[in-house]
Amino acid sequence: MAHRHNDVSDDKGWLQDSTHTKKQSVWAVSLAWWYRFAAPPEPLTSANFSQREKIRRGRLAAIAIPIFILFLLLVQLQILASHNLKALVGIFLLLAACFLLLFLNRKGFIRSAGILALVVLYAGEAISLFIYPGRLTPSSIYILDFTIIPDLIVLAFFAANSLLLIFGLNVLEVWLVVVYAPHNFAITQILHRAPLEIFLHVYILQLFTALVLYIWARSTENVLARADWAEDIIAFERREKERRELELEQKRQLDTGIQQILQTHIAVANGDLSARVPLHQGHALWQIAVALNNLISRLQSLSLREHELRQKMHKEDERATNRYHKYEGTQGRIPRLPKVDGTTKQT
């Protein structure tokens, strides 16, 4: 019974793991599909850290921009409910700018897209706050909390150090909106009597958000830098291993080639002119082997010609000998005339 219960538990665990794996695969496929349209192309395997970091930020921006578009759509619904046509036109312009951001991000202009995103954000926030219906009141001052949105967006395009500049811009934006945007008499009294009641909680929120995001982004950058350094070390070790293996292979080829050349020399010296150095093209000693094989081939052809010439000379010697013997035999059959001396001639 216990064994059956364990089997059922194992089956449930396997089903949960397979379901989790399917969800991960669906999420990965969806991200890959979205990256094809909104993120820069995949970096080369030989890309350095800055190039890979650029692609990583481009992918992060490809995720952050749709979230910002969703936020704008939610704001648009509220504006439609308030019948504020000016703000509605501004929201449509912001949406068009977001699609331009996606285009720039896809083409790899990450910094340009980031600068445009900040301009769009600050312009949109300032316009929305300056034309806020009903003016700023102590009960509506919470809308200044949305000024932390640039802190969230900027990390998708720039490094963590850029948060210092964004924090300064946020502080300036809040001050300009509170002081110069339309507000009621209560806000005016608070500004003259105790301005910290308005600014303190907004600035604390911005400072806290900037610090948390900076620590997170900085630690992430350090982790990525260490990971990249580790990848560089692994790649260097792999290249060194391949280089050592190549050197060992070349040394082995040299030793084998030298032995084959030496054996070929010995065979040729012993009279085997059909011996050749069996080295293939691409070998370190291939050119030497080709030259030696050509030399042996010429020597073999000369040896064959010499052998043929000797055979011809031997045949010619045999023919000359036969002719000589025939000539000698002919000389033996011819009768010799008697010698004519002086006495016979006188008679």
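The values are calculated or read from the model by the stated rules, or taken from the named source; none is laboratory data. All values reported here derive from a predicted model rather than from experimental measurement. Cβ sites come from the backbone with ideal geometry, for glycine too, and all protein chains shown count toward neighbours.
Among the residues in the range 161-178, are any assigned to a helix (DSSP H, G or I), in the same structural domain as Val119 (by TED's automatic domain parsing), at pLDDT below 85 and among the aromatic types (Phe, Trp, Tyr)?
no
Does Gln189 satisfy being buried (at least 20 other Cβ atoms within 10 Å of the Cβ) and more than 18 Å from Leu60 (Cα to Cα)? I'd like the intermediate steps shown before the answer.
Numbers: buried (at least 20 other Cβ atoms within 10 Å of the Cβ): no; more than 18 Å from Leu60 (Cα to Cα): yes.
For Gln189, the condition - buried (at least 20 other Cβ atoms within 10 Å of the Cβ) and more than 18 Å from Leu60 (Cα to Cα) - is not met.
Return only the number of the condition from (1) touching a residue at least 40 places away in the same chain (Cβ under 8 Å); (2) in contact with a Ser or Thr (Cβ under 8 Å, 6 or more places away or on another chain); (3) over 30 Å from Thr137 (Cα atoms) that Val202 does not satisfy.
Only one criterion in (1) touching a residue at least 40 places away in the same chain (Cβ under 8 Å); (2) in contact with a Ser or Thr (Cβ under 8 Å, 6 or more places away or on another chain); (3) over 30 Å from Thr137 (Cα atoms) is unmet by Val202, namely (3).
Test of understanding: among Ala181, Ala225, Ala194, which residue is exposed (fewer than 13 other Cβ atoms within 10 Å of the Cβ) and touching a residue at least 24 places away in the same chain (Cβ under 8 Å)? Give the derivation first.
Numbers: Ala181 fails: exposed (fewer than 13 other Cβ atoms within 10 Å of the Cβ); Ala194 fails: touching a residue at least 24 places away in the same chain (Cβ under 8 Å).
Exactly one residue qualifies, and that residue is Ala225.
Taking the range 105-118 only, how many residues are surrounded by fewer than 20 Cβ atoms within 10 Å (Cβ to Cβ) and closer than 16 Å to Gly58 by Cβ?
Step one: list which residues in the range 105-118 are surrounded by fewer than 20 Cβ atoms within 10 Å (Cβ to Cβ), which gives 106-109, 111-112, 115-116, 118.
Narrowing further to those that are closer than 16 Å to Gly58 by Cβ: 106-109, 111-112, 115-116.
Qualifying residue count, the range 105-118: 8.
Say whether the condition of being of a type in the set (A, V, I, L, M), in contact with a helix residue (DSSP H, G or I) (Cβ under 8 Å, 6 or more places away or on another chain) and at pLDDT 80 or above is met by at least one residue in the range 69-92.
No: the range 69-92 contains no residue that is of a type in the set (A, V, I, L, M), in contact with a helix residue (DSSP H, G or I) (Cβ under 8 Å, 6 or more places away or on another chain) and at pLDDT 80 or above.
Which of the residues that make up the range 119-151 are in a helix (DSSP H, G or I), exposed (fewer than 15 other Cβ atoms within 10 Å of the Cβ) and in contact (Cβ under 8 Å) with a residue 24 or more places away in the chain?
Of everything in the range 119-151, those that are in a helix (DSSP H, G or I), exposed (fewer than 15 other Cβ atoms within 10 Å of the Cβ) and in contact (Cβ under 8 Å) with a residue 24 or more places away in the chain turn out to be Phe130, Asp145.
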